[in-house]
Every structure is written in structure tokens, then in C-alpha cells.
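FYI, it's all coordinate maths here, none of it is from the lab. All figures in this text were calculated on a predicted structure; none of them were measured in a lab. We place every Cβ from the backbone using ideal geometry, glycine too, and count neighbours over all the protein chains shown.
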Amino acid sequence: MARKLTTGPFSDPELLILSSLVEGRKHGYAMMVDIKAFADVDLGPGTLYSAITRLVEMGWIEPCEASGRQRPYQLTTYGLQHLQSQLEKMRHLANLGLRRLREI
Amino acid sequence: MSKNTFVSLLLRLYPRAWRSEYGGELAVILADRQFTPSIIVDVVLCGIRQRFRYAEVWQVDGAVLALWLLIGTVANSISPLPRSAYNHFFQINWIAELAIGYIYVSHYSRPPAAAALFSAKASLLGIIPELLLAVLWTVNLIHPTILGMDGVPHVHGHLITDFCLRTEATVSPATLMIAIPVTVIPAFLLGLAGGTLARSVSAPCRRFGTIK
């Protein structure tokens, strides 16, 4: 399958890409491999580059100098802040959900 | 067909501006992967989405009008629409053309004449299905049913019923070309009206702004 996106946080390609780029600059193929490894999600090439386009437009990632046939991307400071805020919100939501589940 | 040709065909689905920025990278990834139906669907759908994202308002509007005409043609071919429904169907186009004129002046600060031109271009895009029908009819691939004004078939054809033309006269494929001026000229005028309306609405607002 090119795209095995479940519901929840793993259904957001932008978040997956931002999380992948936290450990350093990567080109498209490396992102796909990394996302498959840490989230078990097969991002389709079209989905990946649509998300990259949006992230670049938002200023959350930026292209670096091309290396070979592929151009790597890296997180911007703004992108890092955005990722941090999204993950904080997710953690808050997860904590809240788990606490309520325990109360059942 | 070679893999490279197929990849370049897929990339054609993406707008030129997008291709010049990301096309090379996507091509490299596609060339290194084995094509599965889901990958093809993914690339095709994302290409269409990028087309819409990069498209101008008039292009999106024109595509919607073309789709609207296709829906009408299919519905009319299944069961001829009564005259009132037929008229209401095309009145939606007028609203869309008026809206284009309004949007180009109010949001993009274009002069009303330019907005009218965009409206005309959208309407031209919107009648492409009808023009395509004219071409297919000319080369004898399709013979549409032509309805009279009362909705009763005047000329019996096969499979498809022409949606734009209702006449008791005997017609040729070239007659369908009348759709061009009949659509584009009112669209231009409606776009002009929409643009003028936007300008007249924004003028008092600007005045209030200076008074304050």
C-alpha cells in the first residue's frame, strides 16, 4: 500500500514529516523510510510531496543545498516551535483521555 | 511504455510551477519504486489537488462549471429535464459568473473590466464539455438527441442528449458552436456587473475608513 494512514496523530503527514526531520535534514526518500520505521506508515510519494509543499509554504521546513539527485529539507525554528506545540497538545489530550479512561 | 515516459506523464498532472520546484525529486522517487495501483492513485490524486491549489479562481470556477454541465448532460440524458428545471440549471452559472467578477475586484483589486474577462474565461472553460460534444459529433463518433423546447426529442440520437441546445430546427454539429458567444458574452457582462458591484460596495467602506 502506498498510503496506510490510520486515524489519530499518524494520519497527519505534516506531523510525521516534522517529527522525522527533528533528527536532522533528510531528502524525500529518507523521510519515507524513516516514517515507515518509526510510525509504520507508508506515505505515498504524492502525499509526501504534497505535504512537503505545504510545509515549505508555511515556513515550517526549508530546502537545503541539493545533494545528488535529491534535495534535503530541514526544520526551521518556526517549524520546531510548531511541532513542539502540537506534540504538547497531543500529550495533554493523551493524558486527559487516559485519566478519564482510568476513571471508568 | 517505458517507466520514464510513464513517470513524466504522471508529472504532467502537476502544475508547471510545482513541477519546476518539486518535480525532479518526485521523479527520482517514482523511478526508484515499483508502481502499484495505490501509488499511481496517490500520485494522480495529489497531482489533481495541486492543480486546484495552484489554480486561479477563474480556473477553479471554470472547472466547476464544466462539471456542472456534465452533471446536467448526464441527468438530461437519463431523463429530459422539464423546461423550468433546465432554465434554473443555467441560472446557477450566472451567479458563479457574477461572483467571479465580484471576487476579482474585492479580493484581488483588479479593475472590473479585467474581472469581466476572467468571468468570460471561466465560462469558456465551463462549456468545454459541450464543445467536445460538437467535435465528437462532427467526426461521427456521437449522435446526440436534440430536444425541442417542450423537452420532447426533435432529433433522436444515441446515448447522449445535448444539454445546451433545445430547438425544433434541424441542426448540425457546428450549431453547438453557438454556445461560445451565447455563454461568453453574458459571462463577460455578468463579470463586469459583479466587479462594478464590488467596487460600489467597497467605495463607501473606504470613505468611512478615511472619516475615522
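Check which residues have an amide H placed less than 5 Å from B:T145's amide H, if you skip close sequence neighbours.
B:G157, B:H158, B:I160, B:T161, B:D162
Relative to the first principal axis of the alpha-carbon coordinates of chain A, what is the inclination of helix A:28-39, with its axis defined by its Cα atoms, in degrees from 0 to 90 and to the nearest 10?
It works out to around 20 degrees.
Full extension from B:E168 to B:V152: what is 0.36 nm times the residue separation minus their Cα-Cα distance, to one decimal in nm? Could you put the intermediate results ahead of the total?
Values: separation 16, 0.36 × 16 = 5.76 nm, distance 0.95 nm.
Extra length available between B:E168 and B:V152 comes to 4.8 nm.
Can you tell me how much longer the chain between B:A55 and B:M177 gets when fully stretched, taken as 0.36 nm per residue apart minus their C-alpha distance, in nm with one decimal? Before the final figure, lay out each step's value.
Working: separation 122, 0.36 × 122 = 43.92 nm, distance 2.65 nm.
Extending this stretch completely gives an extra 41.3 nm.
The stretch B:1-72 to the stretch A:49-104: how many Å between their Cα centroids?
25 Å
What is the sum of charges around B:L69, taking Lys and Arg as +1, Asp and Glu as -1, for the other residues whose C-beta is under 12 Å from the C-beta of B:L69?
Here the count lands on -2.
How far apart, in nanometres, would the label points at A:R99 and B:A31 be if each is projected 7 angstrom from Cα along the Cα-to-Cβ direction?
Here the modelled spin labels are 5.4 nm apart.
Rg to Rh for the stretch B:57-211: what is it, with Cα atoms only and Rh by Kirkwood?
My calculation puts Rg/Rh at 1.10.
What nm value, rounded to one decimal, do you get for the distance between A:L80 and A:A66 when each label is placed 7 Å out toward the C-beta?
Computed distance between label sites A:L80 and A:A66 equals 2.8 nm.
Quick one: how many lysine pairs does the protein assembly as shown have with C-alpha atoms less than 28 Å apart and a gap of 8 or more or different chains? Give me the count, please.
9
Using a Gaussian network model of chain B whose springs link C-alpha atoms within less than 10 Å, name the residue from B:A31, B:A187, B:A66 with the highest mean-square fluctuation.
Maximum fluctuation in the GNM of chain B, among the listed residues, is at B:A31.
Mind running the shape call on the stretch A:20-104? Use the C-alpha gyration tensor, a ≥ b ≥ c as the square roots of the eigenvalues: rounded below 1.5 for a/c, prolate if a/b tops b/c, oblate otherwise.
Numbers: a/c = 2.84, a/b = 1.91, b/c = 1.49.
Judged from the Cα gyration tensor, the stretch A:20-104 comes out prolate (a/c at least 1.5, a/b above b/c).
Given R₀ = 25 Å, what would the calculated FRET efficiency be for B:V44 paired with B:T138, taking r from the Cβ atoms and rounding to 0.05? Provide the component values of the computation, followed by the final result.
Working: r = 30 Å, r/R0 = 1.21.
According to the calculation, E is roughly 0.25.
Using per-residue counts of other Cβ atoms within 10 Å, averaged over each peptide, order B:18-29, B:52-63 from highest down.
Working: B:18-29: 19.0, B:52-63: 17.0.
Averaged packing, sorted descending, gives the order B:18-29, B:52-63.
Checking understanding here: applying a Kyte-Doolittle mean of at least 0.5 and a length along the axis of at least 30 Å (C-alpha), which whole DSSP H helices in chain B pass? Mind dumping the intermediate values first?
On the way: long enough: B:57-78 (32 Å, 1.45); B:83-106 (35 Å, 0.35); B:179-211 (48 Å, 1.05).
Membrane-span-like by this criterion, though nothing is claimed about a membrane: B:57-78, B:179-211.
Looking at chain B as a GNM with Cα springs under 10 Å, which of B:S38, B:S77, B:S106 has the largest mean-square fluctuation?
B:S38
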